[in-house]
Amino acid sequence: MDALGLGFLFNSNQADETSSYGAQLTYALDAMSFTGQYGGFSPNAGGSGTGYVVKVAYTLPGGSGLALEYYGADATLNGGTPNPYSKLYGEFNTPLSENVTLTFDVTSTDNGSGVDAVTDWEGKIGITL
């Protein structure tokens, strides 16, 4: 079961009567990997919330990589905003030389405030010493 991973987390704080929990499932197969996470938080004042993350990554021949991630949280976990939080992130990276990598990414975020989602584009060159 080297390709499959499963993890659980539970935390309880008796002092302020809060608890949190989470689960993660990972699966790697050759050049592709999948990750799924789900968690929740219950504050002492009530109004518990939940969130999740889904990730897919693929390594291309030659060392380039593609990744896609989706984050989501309900309105309660998002700090009591009127709407849930969501973020979609995509990335492409490719090695230019042994210690230099070129990365392009795009992020679309809806922070739950009721305003339109914001999309950011970025390109960067990373150097490893």
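Summary table below
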{"quantity": "Residues 97, 12 arranged by fewest to most Cβ contacts within 10 Å", "calculated": "97, 12"}
{"quantity": "Fully extended contour minus Cα-Cα distance, from residue 15 to residue 127, at 0.36 nm per residue", "calculated": "35.7 nm"}
{"quantity": "Check: the chain dipole with +1 on Lys, Arg Cβ and -1 on Asp, Glu Cβ, in debye", "calculated": "80 debye"}
{"quantity": "Least to most buried among 54, 115 (fewest other Cβ within 10 Å first)", "calculated": "115, 54"}
{"quantity": "Cα-based equivalent ellipsoid, region 4-127: semi-axes from gyration tensor eigenvalues, Å", "calculated": "33, 20, 11"}
{"quantity": "Residues in region 70-90 that a label on residue 111 would reach, taking backbone N under 18 Å of a point 7 Å out along Cα→Cβ", "calculated": "71-89"}
{"quantity": "Rough spin-label spacing in nm, given labels placed 7 Å along Cα→Cβ, for residue 71 and residue 88", "calculated": "1.6 nm"}
{"quantity": "Point-to-point label distance, residue 118-residue 55, nm (Cα→Cβ direction, 7 Å offset)", "calculated": "2.3 nm"}
{"quantity": "In Hz, Karplus ³J(HN,Hα) per residue of region 67-76 (6.51, -1.76, 1.60; θ = phi - 60°; x = Gly, Pro)", "calculated": "9, 9, 9, 10, 10, x, 8, 6, 4, 5"}
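Only the coordinates and a few stated rules stand behind these numbers; no lab work does. Keep in mind the model is a prediction, meaning the values are calculated, not measured. Cβ coordinates were reconstructed from backbone atoms using ideal geometry, including for glycine residues, and neighbour counts include every protein chain displayed.
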